[in-house]
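Bear in mind these aren't lab numbers, they're just calculated from the coordinates by the rules spelled out. Just so you know, these numbers come straight off a predicted model, no measurement behind them. Cβ placement follows ideal geometry from the backbone for every residue including glycine, while neighbour counts extend to all protein chains displayed.
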Amino acid sequence: MVTTGENLVAQREVLHFDLASYLNEKQQLVEAALDSSLSITCPKKIYEAMRYSLLAGGKRLRPILCLTTCELMGGTNEIALPTACALEMIHTMSLIHDDLPAMDNDDYRRGKLTNHKVYGEDIAILAGDGLLAYAFEYAATQTRNVAPHNLITVLARLGRTVGAAGLVGGQVLDLESEGQDDISVDTLKFIHTHKTGALLETSVVSGAILAGASEEEVQRLSQYAQNIGLAFQIVDDILDVTSTKEELGKTSGKDLRDQKVTYPSLWGLEESKRQAQNLVIGAITELIPYGAKADPLRAIANFIVTRKN
Ligand code: GRG
């Protein structure tokens, strides 16, 4: 681990912060908001399928990041909650589609049967589509006390994040790369900055934009987010090798089985851990100007490399 004076200061501040309580409080807020965001109407089956995956648990990291940066920039939970829910709806739809037989083909997610295993492939595809569309409707209609220009900026950014310039593009390259053993680190980075990093970055940045952050602050938080986004994926690859199905809540050892190039397969486990740690230090360094106010973001960055699922 790099140990410059600045980094030591940044790391030490976080020791005084109770992340477990912080995450627990925000998770409860998000769970309640998600639960009330989507009720079951006609046709019942599609709403049930959408709620099945949306309320299946998960860390709720994306909405929490959005709430956290909004607060850091002087905003409130209330102004960010509709966007926070939209981020989780989009994340959930991407998991539903990722688990489909035509994509990653998995039977378990968040410790439960995947959406298509319960409702069938046709409904699972439509549940994903329904959540994606509803995410935009919900953020656009439920957000209060935000300057219209800032809300439009966030909605446009969400659109770019899910499309071919973001998740869809990353997923396509990921599918094309399966079974190929000559994937470079640059290609792997492209896949993951699009597939995983883009939504994490938008989660961080959207909270700040809703609160009216300046361009300079948005850039700084963007840099923090890019670092944690890549670290998150490196750790995801590591956990796929080192964790059990029970710990992950989904099938483990899948990357090897699907002949996927991963960070551990390119760098080995130890180097992958070192790279993830260095990215987190880079992320934390971006937060120095905010002092103790940014402790939640520091602690979340550390959590990303220490998490077990
Ligand atoms: C977005 C239109 C559209 C289509 C989806 C399938 C697809 C295109 C993209 C795949 C995106 C994907 C599933 C990336 C993996 C991201 C990832 C590491 C997920 C795990 O996130 P966690 O650990 O999960 O935060 P929990 O369950 O805690 O929320």
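Tally up the residues in segment 168-192 that are among the charged types (D, E, K, R), more than 16 Å from the ligand (Cβ to nearest atom) and touching a residue at least 24 places away in the same chain (Cβ under 8 Å), please. Before you say what the answer is, go through the steps one by one.
Applying the first criterion (among the charged types (D, E, K, R)) to segment 168-192 yields 174, 176, 178, 181-182, 186, 189.
Now restrict to residues that are more than 16 Å from the ligand (Cβ to nearest atom): 181-182, 186.
When the remaining residues are screened for being touching a residue at least 24 places away in the same chain (Cβ under 8 Å), the result is 181.
Final tally of qualifying residues: 1.
Could you run through segment 226-250 and say how many residues are of a type outside the set (A, V, I, L, M, F, W, C) and within 19 Å of the chain's Cα centre (by Cα)?
Taking segment 226-250 and keeping what is of a type outside the set (A, V, I, L, M, F, W, C), we get 226-227, 229, 233, 236-237, 240, 242-247, 249-250.
The next check asks that each one be within 19 Å of the chain's Cα centre (by Cα); those that pass are 226-227, 229, 233, 236-237, 240, 247, 249-250.
So the answer is 10.
Tell me whether segment 137-151 contains one or more residues that are within 20 Å of Val30 (Cα to Cα) and within 13 Å of the ligand (Cβ to nearest atom).
No: segment 137-151 contains no residue that is within 20 Å of Val30 (Cα to Cα) and within 13 Å of the ligand (Cβ to nearest atom).
Of all residues in segment 239-274, count the ones that are in contact with a Phe, Trp or Tyr (Cβ under 7 Å, 6 or more places away or on another chain) and either under 24 Å from Asn302 (Cβ atoms) or among the acidic types (Asp, Glu) (or both).
Of the residues in that region, 3 qualify.
Among the residues of segment 282-309, write down those that are out of contact with any Ser or Thr (no Cβ under 9 Å at 6 or more places or on another chain) and within 22 Å of Glu247 (Cα to Cα).
Listed by number, the residues that qualify are Ala299, Ala301, Asn302, Phe303, Ile304, Val305, Thr306, Arg307.
Among the residues of segment 255-293, which ones are over 19 Å from the mean Cα position of the chain (by Cα) and among the small types (Gly, Ala, Ser)?
Ser265, Gly268, Ser272, Gly291, Ala292
Out of curiosity, is Leu221 over 27 Å from Gly57 (Cα atoms), surrounded by 20 or more Cβ atoms within 10 Å (Cβ to Cβ) and more than 9 Å from the ligand (Cβ to nearest atom)?
Considered against the rule, which asks whether it is over 27 Å from Gly57 (Cα atoms), surrounded by 20 or more Cβ atoms within 10 Å (Cβ to Cβ) and more than 9 Å from the ligand (Cβ to nearest atom), Leu221 comes out as no.
Which ones in segment 109-135 are touching a helix residue (DSSP H, G or I) at 6+ places or on another chain (Cβ under 7 Å) and surrounded by fewer than 16 Cβ atoms within 10 Å (Cβ to Cβ)?
Residue satisfying the conditions is Val118 alone.
Scan segment 192-221 residue by residue and report those that are of a type outside the set (A, V, I, L, M, F, W, C) and closer than 27 Å to Leu95 by Cβ.
The first filter runs over segment 192-221 and keeps only residues of a type outside the set (A, V, I, L, M, F, W, C), leaving 192-197, 201-203, 206-207, 212, 214-217, 219-220.
Correct list: His192, Thr193, His194, Lys195, Thr196, Gly197, Glu201, Thr202, Ser203, Ser206, Gly207.
Give segment 206-238 a look and list any residue that's among the β-branched types (Val, Ile, Thr) and under 26 Å from Thr143 (Cβ atoms), or say none.
Once the filter is applied, which keeps residues that are among the β-branched types (Val, Ile, Thr) and under 26 Å from Thr143 (Cβ atoms), segment 206-238 yields Ile209, Val218, Ile228.
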